[in-house]
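Read the structure below first, then the notes.
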Amino acid sequence: MLKIENVNVFYDGLQALYSVSLEIQVEEFVCILGPNGAGKSTLLQTIAGMLAPKQGSIFFENRPIHGLESYNIASLGLALIPEEGWLYGQMSVEENLLMGAYPKSARKNIKRQMDFVFDLFPVLFDRKKQLAETLSGGQRQMVAVGRGLMCNPKMLLLDEPSLGLAPIVIKDILKALVRINKEEKTTILLTEQNIFHALKISQRGYLLENGKIFMQGASKELLGNKHIKKNYLGV
Amino acid sequence: MTNTPQQTSLLQARNLSMAFGGLDVFKDISLDIFEHQIVALIGPNGAGKTTLINCITGVYKPTEGNIAFQGKPISGLRPHQICRAGIGRTYQIPRPFMNMTVLQNLQVCAKPGEKDFRRLLDLAGLWEKRHRLAKALTFQERRLLELSRALSVNPKLLLLDETIAGLNPSETKDMMTILKRIHSEFKVTILWVEHVMSAIMETAHHIFCLHQGALIAEGSPADIANNDKVIEAYLGEEYKFQEK
Amino acid sequence: MKKSVLLTAFIFILTVFLPPIGAMAGDTIKLGVVTPMSTGDFRSGKINVQTVELAVEQINAQGGVLGKKLEVVTADDEGKPAAGVIALKRMIAKEKVSAVVGLWHSSVAVAQEKVATQMQVPMMLHYSWTDDLTAGHSDYVYRVGPFNAEIAQLALPYIDKNFKNIAILYETNAFGSGFANYLEKIAKAKGLNVYSIGYPQEATDLKPQLLQLKAKSPKPELLVIAAVYEATNLIPKQALEIGLAPEMQILCSWDWPTYPAFQEILGDKGVGVTYATFESDKLKLSPLGEKFKKAYKAKYNVVPPVFALFLYDEVMILAETMERIKSSDPKDVAAGLKDTKFEGTTGLITFERQEGPGPIWNQWMGHQLFINKLTAVDGKGYKREQIYP
Amino acid sequence: MKKNEIIVAVTIIVLGLIAPKVLPSVWITVLSMAFYYAILTIGWNIIFGYTGLFSYGHAAFPAIGGYTSALLAQHIGLSPFLGLLAGAFIAGLLGIVIGLLILRVHGFYLCLVTWAFAEVVNVIITAEHQITGGTGGLLAPTFFSGPNAELFGYFMGLGLMMFAFLISILLYHSRWGLNLFAVRDDIDAAESMGIKTRFWKVFGFAFGCSLAGLAGAYFAHFLGLIDPGIGGLDQMGYVCLIVIIGGLGTVYGPILGSFFVVITKELISGYASGYSLLIFSVIMILAVRFLSGGFMEIIQVISPRLNNRYLKFVNK
Amino acid sequence: MLLELIIRGITIGLVYALMGVGLALLNGVMRIINFAHGEFYMIGGYMAYYASTMLGFQFYFSVPTAMIITFILGAVVEKLLLSPIHTQEMEKPMDYALIMTFGLLLFFRQLAIKVFGPFRHKPADYITSDVYILGVKISGNEVLAGAVSAILVIGLAIFIKKTWRGRGWRATTQSRQGAKINGVDIGKESWIACGVACALAGAAGALVAPIFTLSPTIGGSPLVKSYEVMAIGGLGSIAGSLVAGLMLGITETLGAFYISSAYKDAIGFLMMGFFLLFRPQGLFGQK
C-alpha cells in the first residue's frame, strides 16, 4: 500500500528524518512510536506532501507521490489527520466534515460517509450546526478524524489523536479507529507517544528515535520489549 | 550529582491554576524549587509544562495562585521585570534574535558593565562565530546561543524548555556536558522541562511529573522511575478493547 | 578622525569661496511657460502653451527680439503648489529664462510668486484671480487679467438685482476661498443672505454639501460655484439629482461650461445653467486682438478663449519691453515692465502705480463681465444667451 | 562609530560640498529633495528596519513637522532654524501618542491603524483650510533669502542629512539600538530577556517620527511652501521603495536608496517626460518581484565574496 | 431630511460593501494587503465606459464586460506577481505584498493616464429617469448601483456558503494547512479568488462611473473605503463587510450633514482606527 524508501527530511535547517524506510500492507493497522521530537509528525507530513523530502522516494499503491503537492495526494485517497487538527474554527461541524470530501473523486458518496462518521461519533450529529471552535478538545479531535474519513480514504494517517485528551475520550477515539480499520477496510498509520494504547490496537509497530527507525516488529512483541520500557522511563 | 543540594527555597508556587477560555491547562499546582538544584519537570505532551514556564516568566498571568521568587511575589509582574529579578529562560524552538550577530544577542540582554561575553560564548563554542548573524547558525548552535544569552542576564534560576529535543545522541551528550558545566560554574538553579527521560535521570536532583494539568508525583529520579502513576501516565492505562 | 575633520573643513572652505561655474549665455532668448499639463486644469494649460507658441512664432517671423530668436520652454506644474514651485525653480535654474508666463492655478501661483521674487525673474499672470498675487506689490509679478475682488464687484449688481438668498460653494484653495470670501463680504453688505460652504478640490461627491444647502431655510435661490478643477462639472449634476436645482439657479464663476467636458457630463441637464464670463460677442477687440483671433482660429481651428488674449498680450509686452530696454536680463525686464504702455488685444495696458494697498498695483484693469445662460443643447454644443448686462 | 562609517560620512560630505560647483545648478533642487527623502527614510528605517513596526502612516509626520514649523513662523515669527526643532519636537510628541496607542496591535493591523492616522491628519489639513491653506498649501519663510538662498538651503539639507545619518549610525551601534533590534527580531523573547519592549517600541516609533518631522520642516523651509501632498499615500510609497531598494535595517540603506530613487527619477524625466512615474513603477514592481533584498541582494547575486565583505564592513 | 440621508447612506453603503467584500475575500484566501484594489475599480469604470461608448452596450452588457476584463486582469496579476507569496516561503510576505501592490497602484494609474488620457469621462446614464423611494428623489443610476451591489454581495455570500469552491475558500481562510490536506489547490484558488475580488471592484467602478465620472486617479477613495469596510466588518467576513458597508455609508452621510462635510472622510478612518484598536476581530468575528 505505502512504501517509503530512504527518506531524508530537513526542517528549518535541521535534519528531522535520517533515511527512513518503511512499508505498509493493505488493510494493515500500523503504529509509529517514539518520544516527542523523534520525527513522527514530520514523517506523516512528508507522506501527505506538506513537506518535501530532500532525498528518497515514497510510493502509494506503487505510484511515486514524493513530488506531488498535498492537494494531489489528498485526491488519491490518502488522508492526514494532523496533530493540531487544523480545523476550520469559524465553520460548522457539518461544513468541516464536508470539506473532508473536497476532492472531486470523494464528492459522490458524501451521504454515506457522513452517516458513517455520525455513527462513529454520535455526539457530532447533535452538534453538527455548531462552530468548530466552540467544541471541546475531544470533540474537535473527533471532527478531525471524521473529516479525514469523509473522502472515503484508502489509507488514514493519524498524528497523535490522543494528545491532551481525557482517558474516556481517548478510549472512544481509539475504538473508532479499530472500527474504521475493520469495517471500512481502511489502512491506518498511527503515531503515538502513549505506546501502550497504540500497541494494544495496532498490528505492527515501528519505533522512531531521533529521526531514525530504531526498531520494528509485531505489536505484541514490542509490547513485551524491555528496551521500550527502558527507553521511555530510563529504568 | 556533583553538588550537594542546599535546602533553600528559591521559587515557591502556591495553588497555581491556569485556564484559557474556560479550558484548564493545569489546576492547583504547588511546588518549591530549592537553590543549586537541577530540577526537572516531566510529563507527556500537552500536560501543561510549557504553560507553567510561561506563567513563571510572566508571559501569562496565572488565573489563580501566587508565585514567589527569593521570597518576593512575582506573579503579575511583566516578563522583563521577572527576568531582571533573576529568572532566565530558553525556548523549545530556539528564538535567538535572528538578524543580530551572536555577540549582539548577548550584549543586548546583559546588564551594562558586565562584559564577560567571551566566557559565555566559549562555553557555547561560538566565540569564533561572534560576528555572524544568528540566522546563519545551525539549529544546535542557535540553541547554544540562546542558552548563553539566557546566562548573560546573570540569572539565579534558569528555565530550560526541552533543550535536547531533536538532537542526535552525540549532540545530546555535548549538551548535557554543557548543562552540567552551567550548573557548576555559574551557580544557577535549573528548572528543566524535558521529554528525554534518560537524560533527566542522569542529571536531575529532583523531578516533578505533570500529567493532565496536575502534579502527580515528585521526588528523586529513583522515586519517579518506580512510581506507578508516572508509569501509567507514560505507558497508558490498560484499556480493554473488544477485539475479535 | 582628526584628519577627516580637517579634510572636511578644508574642502568646505574651498567650495564656499570658489566661484561656481557660470552658465553659458545662449543664442536664443528663452521664455518659460509653467502651466498644468498632466493634472489640474490641464486643458487650459494646453491652450496656454498653444497661445504662447503662436505668439512666439509671430515674433520670430518678424525677426525675433534683439536680433535673437525667442524660444519657448515648458514645464508641468501638475496643478499642485509644491510641484509648481519645483518646476519653476528648475526652469529658472536650468533654462535661464528671461521671464515666465502661463502660470495658472492661483494656489500654485501664490507659491511661485515667492520663488520668482527671490530668484528675480519676472512672472506674468493672465488668469490667476487671487488678489494676494499682486497685493504684495512685488517688482517681479505683473498681471494682465481679472482678479477676484474685481470680478465679485462686477457680478454683484446682477446677483443683487435678481436674488435675495444666495449660496456659494467654493474650492478651499487660494482662488476659491478668496473669491467666496470677497463675494460674501460685499453681498452681505448689500443685505443679501449668504450661505457659503467649502470643499476640497479633488472631491467628486458634493452631495453632502448640497444636502446641507438643501436643508437651509430660507432656501437659496442662486448657487455660485467658485471652482476651477474639473470635478466641479459634477456640482450642477448632483444639485439636479438631489432636487436642489432647477428651482435654485446655478451660476458658474467663469466659463468652464463652454468646455466640452461639461456637455459630456451634464448633457441636456446642463440647460439652464448660467455662467460669468469675460467673453461675449459684445467684447470689443483691438485690431491686434482681431488679428490674433484669426491667426489662432487658423492654426488650431477653434476660437481662442478670452484668457488666451491676455496671455498673448503678455508675450507681446515682454517682447516689446526687451526691445525697449535693449536687454533680456530678467532683472532688467522686470524693471522695464513698470513703464509698459502697450496697445493690447482689448485695450491699452499699463501697470500704473496707484496709491493704497490692494491688488491693483501691478495690475491692468479694463474688464467687463457678462453673464450667459445655456438655453438649449444639440449634438454640437449648447446654445447660449447673454442675460447680463 | 566605526572607521568605515567615518570614511563614508566624510565622502558624502565632500561630494555634497563639491556637487553644487560641478553640477548644473538644476541639480541643487534635485539633491535637496534627496536630502529630504534621506532624512525622512532614515526615520522610517528606524521605525521599521530597526524596531520592526510597519508604520504606513510615516508620511503624516513630515506633514505635521512642516505645518508646525510653517504655522509657527507665520503666527509668532519663529525662525526657520528653530522651526526645525519645533517640527521635530511636535512630530516626536505625536509619535509618542500614536506609539502608545499602537502597542496593542501587530503586523497588518498596525499598518492599517497608522495609515488611518495619516489619512485623518490629511483630512484635518485639508478641512481646516482657514488655518492651513487647504490643498493650496501654506507659505513658509525660506532659511535664507537672496539669490543664493537655494544653495544655502542645499547646504542646510546636507547638514541635516548628515546629522540624521550620524544619529542612525550611533543608534545602530549603541545599546539602545540593540534593544530596538531585539524588539524587532523577537518581541516575546526580548521581553523575557529583560528588555522593556513597550518602552523601546514607543521610543523607536517616536524617534523615527521626530526625524520625519525634522524632514518635513526642512522641506517646508527649503521650498518656502508646504502642501498636503507631502503626507499623501504616494509619498509613503516612495518611503517604502527607497528603504527597500537601499536595504532595510542597514545604516546606508536610506541614503543609498534616496539618492538612487531621486536621481533616477530626474534622469528618467529628462529622457521621457511624462513617462517617468510609469517607468518608475515598472522598475519598482520588477525590483520587488525579483530582488526582495534590495541592493544587498544584487551584491549577493553578483558575488558572495563581495557580500561577505559588505557584511564585515557594516558590522565590524 | 433624516430619511433622505439614511436612504442615500444605504445606496452608497452598498457600493462600499461591494468594494470591501472583494478585499475581504482576497485577504481571506491570500492573506495579503492589496493597495491596487482601487485601481481595478478605476479600470472597471473605464471598461464600462468604452463598452458603452464604443460598442454601444447597455448597462446589462457593459457592467459584465467590465467584470470579465477585471477578472482576467486580476488573475494575471496574481499569477505573475503575487503568487510567490504562497508558492515560496517568504520571510516577510506582507511587506512584499504591500510594496508590490503599491507599485501596481502607481503603474495602473500612470498607465491609465497614458492610455485613457487624463480627462474626466462619463458613460451615458444607465437609467435616465429618477426614482422616488419613500418620497425621496434618487437618480436611477444610484438605485441601480445600490441594487446591483446588493445582488453581487449577496450572490457572493451564497456562493461562499453553498458551493464547493466557496467552502474551499472559507476553509483556506481559516486554516491554510487544513485546506491543503483536504485537497484545496491553493495556488489555483488564489488566482480565481483574486480575479473574483478584482471583478467585484471592477463592477463597483462600472456601476458608479456615471455618478462620479471617471478619471485615472479615482481609485484612491474606494481603496480607502474598502479597507475601512474590511476592518470594521472583520478581516475575511462577508456578512461583516455588508453590514460594515451600510454602517459606514449611513454614518458618513449623517456625519457629513450634521457634523461637518469637510470631515466626511475622517469619519470612516476614525471608525476603522477604533475597531482595529479596540475590536480587531470586527463586528461579527470572535476572538
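The values are calculated or read from the model by the stated rules, or taken from the named source; none is laboratory data. All figures in this text were calculated on a predicted structure; none of them were measured in a lab. No Cβ is skipped: glycine too gets one built from the backbone with ideal geometry, and neighbour counts run over all protein chains shown. SASA here: full protein model, heavy atoms, side chains in, ligands and nucleic acids out. Shrake-Rupley method; radii C 1.70, N 1.55, O 1.52, S 1.80 Å.
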Next on the checklist: Looking at segment A:86-96 only, could you name the residues that are buried (at least 23 other Cβ atoms within 10 Å of the Cβ) and more than 7 Å from every other protein chain (Cβ to nearest Cβ)?
Outcome noted: A:V93, A:N96
Checklist entry - Can you pull out the residues in segment B:69-118 that are within 17 Å of D:A182 (Cα to Cα), within 9 Å of chain D (Cβ to nearest Cβ) and part of a helix (DSSP H, G or I)? => result B:P79, B:H80, B:Q81, B:C83, B:R84, B:Q104, B:N105, B:Q107, B:V108, B:C109
Checklist entry - Among the residues of segment A:79-94, is any among the charged types (D, E, K, R) and either farther than 13 Å from A:M150 by Cβ or touching a residue at least 40 places away in the same chain (Cβ under 8 Å) (or both)? => result yes
Checklist entry - Restricting the search to segment D:9-26, which residues are at the interface with chain C (Cβ under 7 Å from one of its Cβ atoms) and either under 18 Å from D:I255 (Cα atoms) or under 21 Å from the mean Cα position of the chain (by Cα) (or both)? => result D:V10, D:I13, D:V14, D:L17, D:I18
Checklist entry - When segment E:225-270 is examined, which residues are found to be away from chain C (no Cβ under 14 Å), open to solvent by 30 Å² or more (accessible area, probe 1.4 Å) and closer than 21 Å to D:G57 by Cβ? => result E:L235, E:L270
Item to check | Check on C:E184, within 18 Å of C:N162 (Cβ to Cβ) and surrounded by fewer than 19 Cβ atoms within 10 Å (Cβ to Cβ) | outcome: no
Next on the checklist: Among the numbered criteria (1) open to solvent by less than 10 Å² (accessible area, probe 1.4 Å); (2) modelled with pLDDT of 85 or more; (3) under 30 Å from A:G100 (Cβ atoms), which one does E:L207 miss?
Outcome noted: (3)
Next on the checklist: Can you say whether E:V21 is farther than 22 Å from E:P216 by Cβ and part of a helix (DSSP H, G or I), as far as the supplied structure shows?
Outcome noted: yes
Next on the checklist: Going by what's in this entry, would D:G57 be described as part of a loop (DSSP other than H, G, I, E, B), open to solvent by 10 Å² or more (accessible area, probe 1.4 Å) and over 17 Å from D:G153 (Cβ atoms)?
Outcome noted: no
Next on the checklist: Given the condition surrounded by 16 or more Cβ atoms within 10 Å (Cβ to Cβ), within 14 Å of another protein chain (Cβ to nearest Cβ) and not basic (K, R), answer yes or no: does some residue in segment C:277-286 qualify?
Outcome noted: no
Checklist outcome for this item: Residue count, segment C:187-212, condition assigned to a loop (DSSP other than H, G, I, E, B) and open to solvent by 20 Å² or more (accessible area, probe 1.4 Å), comes to 7
Checklist entry - Which one of these is modelled with pLDDT of 85 or more and closer than 20 Å to C:Y127 by Cα: C:A298, C:A276? => result C:A276
Next on the checklist: Please determine whether any residue of segment E:122-130 is outside any helix (DSSP H, G or I) and either open to solvent by less than 20 Å² (accessible area, probe 1.4 Å) or within 14 Å of chain A (Cβ to nearest Cβ) (or both).
Outcome noted: yes
Next on the checklist: Here are the criteria: (1) more than 8 Å from chain D (Cβ to nearest Cβ); (2) at pLDDT 85 or above. Tell me which single one C:Q120 does not satisfy.
Outcome noted: (1)
Checklist outcome for this item: When A:V20 is run through (1) of a type outside the set (S, T, N, Q); (2) part of a strand (DSSP E or B); (3) without any contact (Cβ under 8 Å) to a residue 60 or more places away in the chain, the failure sits at (3)
Checklist outcome for this item: Going through (1) open to solvent by 50 Å² or more (accessible area, probe 1.4 Å); (2) within 9 Å of chain E (Cβ to nearest Cβ) one by one, C:E241 fails only at (1)
Item to check | Filtered residues of segment E:26-53 (kept if in a helix (DSSP H, G or I) and either aromatic (F, W, Y) or open to solvent by 10 Å² or more (accessible area, probe 1.4 Å) (or both)) | outcome: E:N27, E:F40, E:Y41, E:I43, E:Y46, E:M47, E:Y49, E:Y50, E:S52, E:T53
Item to check | Number of positions in segment B:156-187 that are over 12 Å from the mean Cα position of the chain (by Cα), open to solvent by less than 10 Å² (accessible area, probe 1.4 Å) and touching a residue at least 40 places away in the same chain (Cβ under 8 Å) | outcome: 2
Item to check | Which listed residue, of A:M1, A:M50, A:M114, is under 30 Å from E:A157 (Cβ atoms) and either touching a residue at least 24 places away in the same chain (Cβ under 8 Å) or aromatic (F, W, Y) (or both) | outcome: A:M114
Checklist entry - If only one of B:K72, B:K49, B:K61, B:K111 is modelled with pLDDT under 85 and over 30 Å from A:N194 (Cβ atoms), which one is it? => result B:K111
Checklist entry - Taking segment A:123-148 only, how many residues are away from every other protein chain (no Cβ under 12 Å) and closer than 17 Å to A:A74 by Cα? => result 2
Checklist outcome for this item: Those residues of segment D:103-151 which are in a loop (DSSP other than H, G, I, E, B) and either more than 10 Å from chain C (Cβ to nearest Cβ) or at positive phi (or both) amount to D:V105, D:H106, D:G133, D:G137, D:F143, D:G146
Next on the checklist: Give me the strands (runs of 3 or more DSSP E) completely within segment B:148-215, filtered to those with at least 1 residues that are of a type in the set (D, E, K, R), within 21 Å of B:H36 (Cα to Cα) and touching a strand residue (DSSP E or B) at 6+ places or on another chain (Cβ under 9 Å), ordered by residue number.
Outcome noted: B:157-161
Next on the checklist: Could you go through segment C:129-142 and let me know if any residue there is in contact with a strand residue (DSSP E or B) (Cβ under 7 Å, 6 or more places away or on another chain), over 14 Å from C:V224 (Cα atoms), open to solvent by 10 Å² or more (accessible area, probe 1.4 Å) and free of Cβ contacts under 8 Å to residues at least 60 places away in the same chain.
Outcome noted: no
Checklist entry - Taking segment E:162-192 as the search range and keeping residues that are outside any helix (DSSP H, G or I) and within 8 Å of chain A (Cβ to nearest Cβ), which one is farthest from A:Y71 (Cα to Cα)? => result E:S175
Checklist entry - In segment C:87-117, what residues are among the small types (G, A, S) and more than 9 Å from chain D (Cβ to nearest Cβ)? => result C:A87, C:S98, C:A99, C:G102, C:A109, C:A116
Checklist outcome for this item: Only one of C:V49, C:V101 is in a helix (DSSP H, G or I), under 25 Å from C:K297 (Cβ atoms) and within 16 Å of the chain's Cα centre (by Cα), namely C:V49
Next on the checklist: Can you tell me which residue is farthest from C:V306 (Cα to Cα) among those in segment C:253-276 that are among the polar types (S, T, N, Q) and open to solvent by 20 Å² or more (accessible area, probe 1.4 Å)?
Outcome noted: C:Q263
Item to check | Selection from segment A:153-188 of residues that are in a loop (DSSP other than H, G, I, E, B) and of a type outside the set (V, I, T) | outcome: A:P153, A:K154, A:E160, A:P161, A:S162, A:L163, A:G164, A:L165, A:A166, A:E184, A:K185
